[in-house]
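*Asks:* Supplied in C-alpha cells, the structure appears directly below.
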Amino acid sequence: MTDPIDLNCDLGEGFGAWSMGDDAGLLAVVSSANVACGFHGGDPTIMRGICEIAAARGITVGAHVGYRDLAGFGRREIAMPATQLADDVLYQLAALDGIARVAGTRVRYVKPHGALYNTIVGDAEQAAAVVDAARAYDPALTILGLPGSEVLRIAAVHGLPTAAEAFGDRAYHADGRLVSRRRPGALVTDPDEVAARCLQLVTTGEVTSIEGEAVAVRARSLCVHGDTPGAVGLLRRVREVLTEHGIPIAAFA
C-alpha cells in the first residue's frame, strides 16, 4: 500500500481589489491550503472566505507566513532581529487562526513564504525565530518546509512535528536547492510534465535536477504554487495521475 501524499497550494494571496490566483478552483483540488496572512498578500475578507470553504470541504488550513513585504510579494529578504521576526510570525499565525476558528476550522501547520522560506533553509537564527513563534502559539503545529532545511531540523529538536515538501512546478539544482525564479526554466508549467515529476517524487523519492542528475527528495506533501500560470489545471492533472496509479491523497496534518 502506497502511503498517502498531500497536495498543498498557496492561497489567498490577493489583496483588496487585486486578485492573485484562482482560489475557488484550487480549493477544489488541494488537500491542504497555505493561506496568506496579510504580510505578503491576503486580507481579512480573503482569509475568512478561504477558511470557510476549507472548513466545509475538510481541507486542512496552514498559515503561509512571510516577511512584511506587501509591495514585493514577500520575495525580498529582510534583515531583521530574530525577536522581531518571531513576533511578526506570531502576529500572522494568530490572526489567521482566529479567523479560521470563526469559520469552523483552525490552523494545523505553518509554511513560510517566498524569501523567508528560502532564507530559513540555511539561516539558523531566522529559522529558530519561526520555530519559536510556532512553539509559543501551539507546539502541536506542524512545520512544513524543504527537506534538509534548518527550520525542519530546529523544529524537530524542539519537539514540533515536521513535514518535508517537494515542488512539482519548480526546477531543482543537483544539491536539492530550488532554481532561482530569475533563471530561465525555474518554473515548470506543462501539466503532463508537472504530473510526471510528482509521480516520480512519490514513487522513487527523487526528482531530476536542471543539471540532469537525480536528486533525493523525500516528501510528505507536494506543492504547486497558486500564482503559477494554469495552477488549477496543473494540480488537477497531478491528482488524476496520482489517482490512476493508486496513490491516495490526504492532508499530512
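The values are calculated or read from the model by the stated rules, or taken from the named source; none is laboratory data. All figures in this text were calculated on a predicted structure; none of them were measured in a lab. Neighbour counts run over all protein chains shown; Cβ positions are idealised from the backbone, glycine included. Keep in mind that these areas ignore ligands, DNA and RNA; they rest on the heavy atoms of the full protein, side chains included. Shrake-Rupley method; radii C 1.70, N 1.55, O 1.52, S 1.80 Å.
*Asks:* Can you pull out the trypsin sites (Lys or Arg not before Pro) in the range 204-253 whose DSSP state is coil and whose Cβ has at most 15 other Cβ atoms within 10 Å?
*Replies:* R218
*Asks:* Still on this structure: Please give, to one decimal in nm, the separation of the simple spin-label points placed at D22 and R75, each 7 Å out from Cα toward the Cβ.
*Replies:* The modelled label-to-label distance comes out at 2.1 nm.
*Asks:* Take every DSSP beta bridge whose two residues both sit in the range 6-245, then give the antiparallel share in percent to the nearest 5.
*Replies:* The antiparallel proportion sits near 20 percent.
*Asks:* Now for a separate question. Carbon-plus-sulfur fraction of the accessible area of the chain, 1.4 Å probe, in percent?
*Replies:* The value for the chain is 52 percent carbon and sulfur by accessible area.
*Asks:* Per DSSP H run of n ≥ 4, the term is -39500 (n - 2.57); total these for the chain, divide by its residue number, and report the mean residue ellipticity at 222 nm rounded to 500 deg cm²/dmol.
*Replies:* Value at 222 nm, helices only: -12000 deg cm²/dmol.
*Asks:* In the neighborhood of G74, defined by Cβ-to-Cβ distances under 14 Å, what is the net charge if each Lys or Arg adds +1 and each Asp or Glu adds -1?
*Replies:* My count for the surroundings of G74 gives -1.
*Asks:* Residues with amide H under 5 Å of Y172's amide H, sequence separation 5 or more or different chain, H placed in the peptide plane at 1.01 Å from N; which?
*Replies:* Those qualifying (amide H under 5 Å, at least 5 residues apart or on another chain) are V179, I210.
*Asks:* Further, regarding this structure: If you place +1 on the Cβ of every Lys and Arg, -1 on the Cβ of every Asp and Glu, and leave all else neutral, what size is the dipole of the chain about its Cα centre, to the nearest 20 Debye?
*Replies:* With Lys and Arg at +1 and Asp and Glu at -1, about 260 debye.
*Asks:* Here is a follow-up. Charges on Cβ only, +1 for Lys and Arg, -1 for Asp and Glu, centred on the Cα centroid of the range 6-245; of V121, G62, T204, which one is farthest towards the dipole's positive end?
*Replies:* Towards the positive end, the residue furthest out is G62.
*Asks:* Related question: For q values of 0.19, 0.23, 0.27 Å⁻¹, compute log₁₀ I(q)/I(0) with the Debye formula on a Cα-only model of the range 185-253, without solvent.
*Replies:* Debye curve over Cα of the range 185-253, log10 I(q)/I(0) at q = 0.19, 0.23, 0.27 Å⁻¹: -0.78, -1.13, -1.40.
*Asks:* May I ask you to evaluate 6.51 cos²θ - 1.76 cosθ + 1.60, the Karplus curve with θ = phi - 60°, for each residue of the range 25-38 and list the ³J(HN,Hα) values in order in whole Hz, giving x for glycine and proline?
*Replies:* x, 5, 5, 7, 10, 8, 10, 9, 10, 8, 9, 4, 10, x
*Asks:* Counting only heavy atoms of protein chains, what accessible area per residue, in Å², does the chain have with a probe of 1.4 Å?
*Replies:* Numbers: 10560 Å² over 253 residues.
Averaged over the residues of the chain, the accessible area is 42 Å².
*Asks:* Follow-up. Can you run phi through the Karplus equation (6.51, -1.76, 1.60; θ = phi - 60°) for the range 68-82 and list ³J(HN,Hα) in whole Hz, with x for Gly and Pro?
*Replies:* 6, 8, 5, 5, x, 6, x, 9, 10, 5, 10, 7, 8, x, 4
*Asks:* Can I ask one more? Using alpha carbon centroids, what distance separates the range 3-74 and the range 203-253, in Å?
*Replies:* The range 3-74 and the range 203-253 have Cα centres separated by 19 Å.
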